[in-house]
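Working notes, structure below.
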Amino acid sequence: MALNRNHSDGGGVIVNNSESVLMTYDHVEMTFSDIEPMPDAFKGTKKGSVFLTPYRVIFVSKGKDSMQSFGMAFYLLKDCEIKQPVFGANYIKGTVKAEAGGR
C-alpha cells in the first residue's frame, strides 16, 4: 500500500511504465476503520476516483485532502466481499495489509 505516491498535481493518476489503466470509476467514496491509532490522513470519508490496473487499485481523492492518493496492490488485499444492500449503494469491503518495510 502506498499513501500519496500515485497522483499528479492536476488531479490525475500516475502509474508505472509496466502498468496500464484498465478501468476508471468516478464518484467513489472510501472509508477506513479498525486502525488504532487512526492517522489524520485516514479519518473521515474520502471522495474521488478509482483506477484499476493489472496489479493494483489506486484511489485518487478529489479536492485538497491530506490523502491525495492511496494505492493497494492486489496481493495485499484480504477478505474482500462485494455487498449489495437492498436500501443502499453497492460497496466492496476488505482488509489492506501494510507492505513489509513500508512507511
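The table below gives the values:
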{"item": "Heavy-atom surface of the chain, accessible at 1.4 Å and reported per residue (Å²)", "result": "73 Å²"}
{"item": "3J(HN,Hα) from dihedral phi, the range 24-40, Karplus parametrisation 6.51/-1.76/1.60, rounded to Hz, x for glycine, proline", "result": "9, 10, 9, 6, 9, 10, 10, 10, 10, 9, 6, 10, 10, x, 7, x, 4"}
{"item": "Carbon + sulfur, % of accessible area of the chain - ligands and nucleic acids excluded, 1.4 Å", "result": "52 percent"}
{"item": "Simple Cβ-charge dipole of the chain, Lys/Arg +1 and Asp/Glu -1, about Cα centre, in debye nearest 20", "result": "40 debye"}
{"item": "Trypsin sites (Lys or Arg not before Pro) within the range 8-53, DSSP loop, no more than 14 other Cβ atoms inside 10 Å", "result": "LYS43"}
{"item": "Entry for P(r) over Cα pairs in 5 Å bins from 0, in percent (calculated from the structure that is shown) out of (i) 2, 13, 22, 21, 14, 11, 8, 5, 2, 1, 0; (ii) 2, 11, 21, 27, 21, 12, 4, 1, 0; (iii) 2, 11, 20, 22, 19, 15, 8, 2, 0", "result": "(ii)"}
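The values are calculated or read from the model by the stated rules, or taken from the named source; none is laboratory data. Because the structure is a prediction, the values reported are computed rather than measured. Note: ideal-geometry Cβ built from the backbone for every residue, glycine included; neighbour counts use all protein chains shown. Ligands, DNA and RNA are excluded from the accessible area calculation, which covers all protein heavy atoms including side chains. Shrake-Rupley method; radii C 1.70, N 1.55, O 1.52, S 1.80 Å.
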